[in-house]
1. Could you order the peptides 147-160, 280-293, 190-203 from most to least packed, using the average number of other C-beta atoms within 10 Å per residue?
2. Between helix 37-47 and the chain, what is the angle of the helix's C-alpha long axis to the longest principal axis, kept within 0 to 90° and rounded to the nearest 10?
3. ³J(HN,Hα) across segment 456-463 via Karplus (A = 6.51, B = -1.76, C = 1.60, θ = phi - 60°), whole Hz, x for Gly/Pro?
4. Rounded to the nearest 5, what % of the DSSP beta bridges within the chain are antiparallel ones?
5. HN-Hα J couplings of segment 239-255 from phi, Karplus 6.51/-1.76/1.60, θ = phi - 60°, integer Hz, Gly and Pro as x?
6. Could you tell me what % of all Cα pairs in segment 127-182 have separations over 12 Å?
7. What is the packing order of peptides 372-378, 298-304, 423-429, taking the mean over residues of other C-beta atoms within 10 Å and listing the highest first?
8. When the accessible area of segment 1-80 is computed with all protein chains present and a 1.4 Å probe, what percentage of it is carbon and sulfur?
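The values are calculated or read from the model by the stated rules, or taken from the named source; none is laboratory data. Quick caveat: nothing in here was measured; it's all calculated off a predicted structure. Glycine gets a Cβ as well: all are built from the backbone with ideal geometry, and neighbour counts include every protein chain shown. Side chains included, ligands, DNA and RNA excluded: accessible areas come from the protein's heavy atoms. Shrake-Rupley method; radii C 1.70, N 1.55, O 1.52, S 1.80 Å.
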Amino acid sequence: MSTTAQIGVTGLAVMGRNLARNFARNGYTVAVHNRTASRTHALVEEFGGEGDFVTAETAKEFVAALERPRRLVIMVKAGGPTDAVIEEFAPLLEPGDMIIDGGNAHFADTRRRERELRERGIHFVGTGISGGEEGALNGPSIMPGGSTESYDSLGPMLEKISAKASDGAPCVTHVGPDGAGHFVKMVHNGIEYADMQLIGEAYQLLRDVAGYSPARIAEIFRTWNTGRLDSYLIEITAEVLAHVDAATGKPFVDVVQDRAEQKGTGRWTVQIALDLGVPVSGIAEAVFARSLSGHMALREASRGLAGPQAAPLGEAEAAAFADRVEQALYASKIVSYTQGFHEIAAGGEEYGWDIDPGAVASIWRGGCIIRAAFLDRIRAAYDARPELPSLLADEAFAREIAAAQDDWREVLAAAVRQGVPTPGFAAALAYYDALRAERLPAALTQGQRDYFGAHTYRRTDREGSYHTLWGGDRSEVPA
Ligand code: NBP
């Protein structure tokens, strides 16, 4: 066995197989390995002509096939399987070697693995990879964490196989140390949940309030995709809505069960946001909306509940309403990215990662599910002001929201009047209104907390903490 492979991939299901082919197509010699060897042989039989593969049946053979320092990519099911594979391979490695975990690991697991392997001199590079199987083959967006030293060795290879943005920039950057890459991938997926939810709400409003057919809505999404909403998700939404079910001749969207799953990274984004104290309300609503959709018994039991009676709009009104929905969708989208980037900043601060938000926006411009023209704008906002406290503080975004807000409110009012659930739009607008509010009812909350639990409060006009003697003469005492 020659030690010629520049990189190895173990775990050859859809993602690993396509990633291995991507490396090979880019001129790298790739060692390939899978727990079940038949997958390894199938890969080489089917795609061996695409480049140089070295097949390995055992872990020992696999490690022996790699040039040093070794670069070993794991693409197995996240969780226990990743630990099992690390356990199998780490004893065969030497200091300076690199293990790249391209699965959807929880960043806390990545931090643990990185720490444990660092003690053995091995670089562990938790790497977020987005773009599904298509992206893995033709160019994903890649979010590596781990040490700078490992990125020096891996960066050029990852840049080669990554997606390229419209300006040719590779969609990969060293996000930060240890779990930073998987953290950013997690938030990417949370934003993806929110984007999909907002698009779903726009669709439902066009269907129920404007009274449009799926085919007509597909046309509207196609038009939107030529403007500021230009994105992969809007593009595929038009495709899905235009699709007709071959078996029934009905719109495809009408024959698919309306229950979605929520698990993994979307849920983690919200759980971690709660731990960090970051209000990602739009992402949370997206996760909850999926959760609600899956509660079939609860939905069945609630079907008879009263709702408003409202007729669809007339033709001219419907067209005007569709334009308003575009405004509401765009404004809500700005808010969900604002929330996602806030979580990235908070995670970076908590774990000492020093993440460059402009670079993150930049590598999401190609390859990944949330790729969108809009990300160029986010990158520009952070490039202009690296310390931007919030995307809403960017003048250009603030101006756009100012222009959209009347329509945004109108759309929500129509949704409420007609009983169309729009939790994503509503959460986004509530976030916007709360942030810009002069006063929030949190003052009252503090008063209540002081009343029942002597939790104390701060005053607007003086330093210090205070408590009112609610049960006594109601005089105020310093706490
Ligand atoms: P799966 O997540 O379906 O995992 C299947 C692979 O894991 C097979 O190679 C299987 O080997 C291997 N494996 C398992 Br399961 N248990 C193992 C163990 N104990 N020891 C060794 N190998 C084990 O594959 P995937 O859909 O290609 O995804 C791979 C990773 O990429 C996952 O972490 C996923 O979350 C992530 N990801 C997926 C996508 C996507 O669109 N699918 C996108 C982005 C990231 P076997 O063949 O012997 O059973």
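1. Details: 147-160: 16.6, 280-293: 22.8, 190-203: 25.8.
Highest mean packing first, the order is 190-203, 280-293, 147-160.
2. With rounding to tens, the tilt is 90 degrees.
3. With coefficients 6.51, -1.76 and 1.60, one gets 6, 8, 10, 9, 7, 10, 8, 6 Hz.
4. Values: 12 of 32 bridges.
Percent antiparallel among DSSP bridges in the chain is about 40.
5. So the J values, rounded to whole Hz, are 5, 5, 5, 7, 6, 10, 5, 5, 6, 10, x, 8, x, 3, 4, 8, 9.
6. Details: 940 of 1540 pairs.
The calculated P(r) of segment 127-182 puts 61 percent of pairs beyond 12 Å.
7. Values: 372-378: 20.1, 298-304: 8.9, 423-429: 24.7.
The densest-packed peptide leads the list: 423-429, 372-378, 298-304.
8. Details: 1620 of 3470 Å².
Exposed carbon and sulfur together represent 47 percent of the surface.
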